[in-house]
Amino acid sequence: MSGVDAMTTRGLVKICGLSTEETLDAALEAGADMIGLVFFEKSPRNVSLEAASRLAARARGRAEIVVLSVDADDALVEAIVSAVRPDWLQLHGHESPARCAELKARHGIRIMKALGISAAEDIATAAPYVAHVDRLLFDAKPPKGAVLPGGNGVSFDWRLLKGLDLGVPLMLSGGLDAATVGEAVRIGGIRDVDVSSGVESARGVKDTELIRAFVAAARRAVPGAASDAAEQGRSA
Ligand SMILES: O=C(O)c1ccccc1N[C@@H]1O[C@H](COP(=O)(O)O)[C@@H](O)[C@H]1O
């Protein structure tokens, strides 16, 4: 176990879709464990390689760096990995278990595979990935006609996750915000959470206050997490 996975007992918080230094700093200062940089041209959070490598340099050593891509080809993954040097690849498209394994082996990087959930049968899609990824992310399936496969600010029935143990770390996303994250963690039983829309004042525009409120609410959602975070701050 390495990096943030060594601290999963306190619950991890990932803030995704950061694209400015100000909002990145807000996430880091609030204590986010992971920051997400989006490489998907259709997304309002899409960043260039140059912007991403600058933001990653600022975050390195303070939070784990996650780059999100959607069915990216080899050339794009290669370009992202060599420019940004992320800790994680978040694969948010239709990447197969074999593709996850291939990218993990080729780049020596941790893989977080996102799976869209709307009904109980969707949970079964996770099993083939377990041996090939370092984390699974359960997100809401996109609404009909949506341009983005994620980052739509919609949630799903968290009861579908209750009691789930796949033998690989899990993360929850989809329509979370400071008001709902506590309930999502309690009902779904997954402590590690990811947010994008719920910390935005307008689509694609991150808000420093909402970021702070989300991290605080996510910490309150996990028993003992707030005091663990304070303890880590004292010993840093
Ligand atoms: O954030 C995006 O723009 C995005 C684009 C393409 C795929 C996934 C994307 N974001 C991920 O979607 C989920 C849920 O986000 P939200 O909080 O409901 O807006 C999250 O895991 C983001 O990493």
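Before moving on, here are some points about what is shown:
- For the range 66-195, the fraction of alpha-carbon pairs in successive 5 Å shells from zero, as %: 2, 11, 22, 23, 20, 14, 7, 2, 0
- For the range 3-235, lysine pairs with C-alpha atoms less than 29 angstrom apart, excluding pairs fewer than eight positions apart on the same chain, total 23.
- Beta bridges per DSSP, both residues in the chain: antiparallel share near 5 percent.
- Potential extension, Val205-Thr20 segment - 0.36 nm per residue separation minus Cα distance: 65.7 nm
- Convex hull volume per residue for the range 133-197, taking Cα atoms only, in Å³: 88 Å³
- Candidates Asp73, Asp33, Asp122: whichever shows maximal mean-square fluctuation once the chain is modelled as a Gaussian network with Cα springs under 10 Å: Asp73
- Using the Cβ of Thr125 as centre and a radius below 13 Å, the other residues enclosed give a net charge of -2, where K and R count +1 and D and E count -1.
- Estimated 222 nm signal from helices in the chain, with DSSP H stretches of n ≥ 4 weighted -39500 (n - 2.57), rounded to 500: -10000 deg cm²/dmol
- Cα gyration tensor of the chain - equivalent ellipsoid semi-axes, whole Å, descending: 23, 22, 18
- Cα-based shape type of the range 108-159, given that a ≥ b ≥ c are square roots of the gyration tensor eigenvalues and the cut on a/c is 1.5: oblate
- Gain in span if fully extended, Val154 to Ala179, counting 0.36 nm per residue against the direct Cα distance: 7.6 nm
Read-outs throughout are calculated quantities, based only on the coordinates presented, and are distinct from any laboratory measurement. Note that this is a predicted model, so its numbers are computed, not measured. Cβ sites come from the backbone with ideal geometry, for glycine too, and all protein chains shown count toward neighbours.
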